[in-house]
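> Pasting a structure here, questions to come.
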Amino acid sequence: MTRHVVIVGGGVIGSAIASFVLRDPAFRGTVSVVERDPTYARASSALSASSIRQQFSTAVNVEIGRYGIAFLRRIGEELAVGGERPDVGLVEPGYLFLATAAGGRALERQHAMQRSLGVDVALLDPAALATRFPWLAVHDLAAGSLGLSGEGWFDGWGLLQAFRRHARAHGARYLAADAAGFDLTGERIAAVRFADGSRLAGDVFVNAAGPWAASVARFAGVDLPVRARRRFVFVFECATPIPRAPLVVDPSGLWFRPEGERRFIAGLAPTDSEDFDDLPLVVDPKEFDDILWPALAARVPAFEAIRAAGAWAGYYEMNLFDRNGIVGPHPEIANLLFANGFSGHGIQQSPAVGRGVAELVVHGAFRSLDLSPLGYDRVISGSPLREENVV
Ligand SMILES: Cc1cc2nc3c(=O)[nH]c(=O)nc-3n(C[C@H](O)[C@H](O)[C@H](O)COP(=O)(O)OP(=O)(O)OC[C@H]3O[C@@H](n4cnc5c(N)ncnc54)[C@H](O)[C@@H]3O)c2cc1C
């Protein structure tokens with residue numbers, strides 16, 4: 001039986017799913033990817049900090065991270081098209097999660113879980129942190145957890161393009177169209193309706209609409225707890241060398257990492273009372289001067305003398321229920337699959353999610369890595385799988 005798979009959203013998640021479905025020799029059918037903006041101007045995949053880690057608080061995310069890094073290391077073979085091998089410039093300097101006394105216990109607990117799953121991570125006391133990273137202020141710290149391998153960053157735009165090129169080379173059809181509704185027959189989706197009134201019939205429908213996933217779920221009458229939450233990324237230059245800098249996650253919620261020679265990027269999670277849905281993607285420069293810079297200088301004294309060099313804003317696709325991805329079928333609308341809510345860690349999860357959703361489409365079950373802990377059922381039953389490490 002040949003089947004038509006319709007994916008709404010052609011960002012890194014939708015494109016990864018298309019690529020994995022079409023590479024499976026058991027798949028008989030066609031894949032359409034509905035993407036309303038082929039320039040990806042507001043897509044999260046184009047505005048990401050594109051970093052990858054193993055240090056999560058939930059085991060399934062650790063497993064997803066393990067596959068993600070393995071995939072990125074061999075992306076040249078995985079996504080080669082006609083002898084052209086993509087390169088996304090993966091580097092692996094690690095993540096460093098810092099904790100004060102208040103967060104020390106949680107860091108130790110997570111460290112033990114991660115080690116039990118084979119993650120290459122070291123717990124460092126303040127003296128060890130100061131020796132390894134002499135530029136770091138450690139006076140208020142209790143510990144730091146450093147990824148020794150399998151963590152770093154890459155070119156996220158390059159990854160999106162590589163998945164997209166691979167999917168297209170294997171027959172995916174990208175439609176520049178704005179999905180505006182679903183036609184339902186009983187408890188199945190029969191077609192996606194476009195803003196211009198035309199329709200596209202299909203057998204399986206995948207919601208890969210990133211920060212706009214809740215509006216696509218609403219087409220089927222489903223309430224998805226995913227919201228577009230704005231995050232800023234600031235770029236700065238530091239004349240003083242900061243050797244061997246990993247991606248540092250500060251107890252204040254600040255993060256920073258190198259981006260090339262003397263450049264860094266940084267961001268800071270807003271407080272809950274300021275974190276509204278759908279804020280315009282416009283940078284507030286006061287955020288850098290008043291909040292970010294003082295926090296940077298407090299953690300790295302050399303950052304007193306930095307120079308701002310740009311900024312951008314993008315949306316996290318926040319799952320307000322438990323800050324984790326929602327992956328798999330809707331229990332009642334059997335031909336609707338979710339790949340949503342990755343809460344700021346979706347670009348690194350795209351290889352595992354693409355492979356997992358493709359297995360559901362082609363084989364009706366997860367075959368390699370069981371992603372069922374991320375199923376929609378937990379939302380219905382009110383059983384959150386909370387991810388503590390949202391950066
Ligand atoms: C500032 C920032 C930093 C980040 N840092 C990291 C990081 O370090 N590591 C990490 O792993 N992740 C990070 N993320 C998160 C990561 O970028 C996202 O999780 C990931 O890109 C989500 O991909 P997506 O394909 O689901 O969404 P998107 O890339 O947003 O793609 C969804 C697409 O769906 C399309 N669409 C939506 N609705 C419709 C419709 N009705 N009809 C047609 N098309 C539609 C949109 O046009 C869009 O192109 C970051 C995100 C941001 C914003």
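> Excluding L117 itself, what net charge comes from residues whose Cβ is under 12 Å from its Cβ, given Lys and Arg +1 and Asp and Glu -1?
Taking every Cβ under 12 Å from that of L117, the sum is 0.
> Counting pairwise Cα distances across the chain, what percent come out greater than 41 angstrom?
13
> What number, in nm² with one decimal, is the all-direction average of the projected area of the convex hull of the alpha-carbon atoms of the range 1-106?
One quarter of the hull surface, i.e. the mean projection, equals 9.8 nm².
> Continuing with the same structure: From largest to smallest, what semi-axes in whole angstrom does the range 132-205 give when each is the square root of 5 times an eigenvalue of its alpha carbon gyration tensor?
For the range 132-205, the ellipsoid semi-axes come out as 47, 19, 13 Å.
> Let me know the shape class of the range 105-260, please: from the alpha-carbon gyration tensor, a ≥ b ≥ c as square roots of the eigenvalues, rounded when a/c is under 1.5, otherwise prolate if a/b is greater than b/c, or oblate.
prolate
> Output the peptides 58-65, 339-346 sorted from most to least packed, where packing is the average of other Cβ atoms within 10 Å over each peptide's residues.
339-346, 58-65
> Another question, then. Simple spin-label model, 7 Å along Cα-to-Cβ: M113 to D140 in nm?
Distance between label points: 2.6 nm.
> Compute, for Y315, the solvent-accessible surface of its heavy atoms (probe 1.4 Å) with the complete set of protein chains present, and express it in square angstrom to the nearest 10.
Per-residue accessible area (Y315): approximately 10 Å².
> In addition: Let me know the shape class of the range 198-284, please: from the alpha-carbon gyration tensor, a ≥ b ≥ c as square roots of the eigenvalues, rounded when a/c is under 1.5, otherwise prolate if a/b is greater than b/c, or oblate.
Judged from the Cα gyration tensor, the range 198-284 comes out prolate (a/c at least 1.5, a/b above b/c).
> Okay, next question. State the percent of C-alpha pairs, over all pairs in the range 292-378, separated by a distance greater than 17 angstrom.
Here the long-distance tail beyond 17 Å is 59 percent of all Cα pairs in the range 292-378.
> From the helices alone, meaning DSSP H stretches of at least four residues, give me the mean residue ellipticity at 222 nm for the chain, per-run term -39500 (n - 2.57), in deg cm²/dmol to the nearest 500.
-8000 deg cm²/dmol
> Right, another one. Need one number: nm distance between label points at A305 and E261, each 7 Å from Cα along Cα→Cβ, rounded to one decimal.
So the label points at A305 and E261 sit 1.8 nm apart.
> Further question on the same structure: What is the ratio of the Cα radius of gyration of the range 201-249 to 2.2 N^0.38 Å, where N is its residue count, to two decimals?
Working it through for the range 201-249, the quotient is 2.05.
> Per-residue HN-Hα couplings for the range 235-249, Karplus 6.51 cos²θ - 1.76 cosθ + 1.60 at θ = phi - 60°, whole Hz, x for Gly and Pro?
Per residue, the Karplus-derived 3J(HN,Hα) values read 10, 9, 10, 10, 5, 6, x, 10, x, 6, 6, x, 7, 9, 10 Hz.
> For a quick size check, give me the Cα extents of the range 245-309 along its three principal axes, largest first, whole Å.
Principal-axis extents of the range 245-309 (Cα, largest first): 35, 24, 20 Å.
> Using all alpha carbons of the range 67-141, what is the percent of pairwise distances in each 10 Å bin, ordered from the shortest bin to the longest?
Values per bin, smallest distances first: 15, 33, 25, 17, 8, 1.
> OK, next. Under 10 Å, Cα contacts only: if you run a Gaussian network model on the chain, which one of G260, G76, G29 comes out with the highest mean-square fluctuation?
Highest fluctuation among the options: G260.
> Specify which residue in the list A43, A59, V5 is farthest towards the positive end of the charge dipole of the range 2-90, using unit charges on the beta carbon of Lys, Arg (+1) and Asp, Glu (-1), about the Cα centre.
A59
> Could you tell me which residue out of N324, L369, L292 lies farthest along the dipole of the range 279-391 toward its positive end? Charges go on the beta carbon: Lys and Arg +1, Asp and Glu -1, centred on the Cα centre.
So the residue we want is L369.
> Taking amide H atoms as placed 1.01 Å from N in the peptide plane, list the residues 5 or more away in sequence, or in a different chain, whose amide H sits under 5 Å from that of E151.
G94
> Rank D322, D87 by accessible area, highest first, at a 1.4 Å probe radius?
Largest to smallest exposure gives the sequence D87, D322.
The values are calculated or read from the model by the stated rules, or taken from the named source; none is laboratory data. Please read all numbers here as calculations on a predicted model, not as lab measurements. We place every Cβ from the backbone using ideal geometry, glycine too, and count neighbours over all the protein chains shown. Note: areas computed on protein heavy atoms with side chains; ligands, DNA, RNA excluded. Shrake-Rupley method; radii C 1.70, N 1.55, O 1.52, S 1.80 Å.
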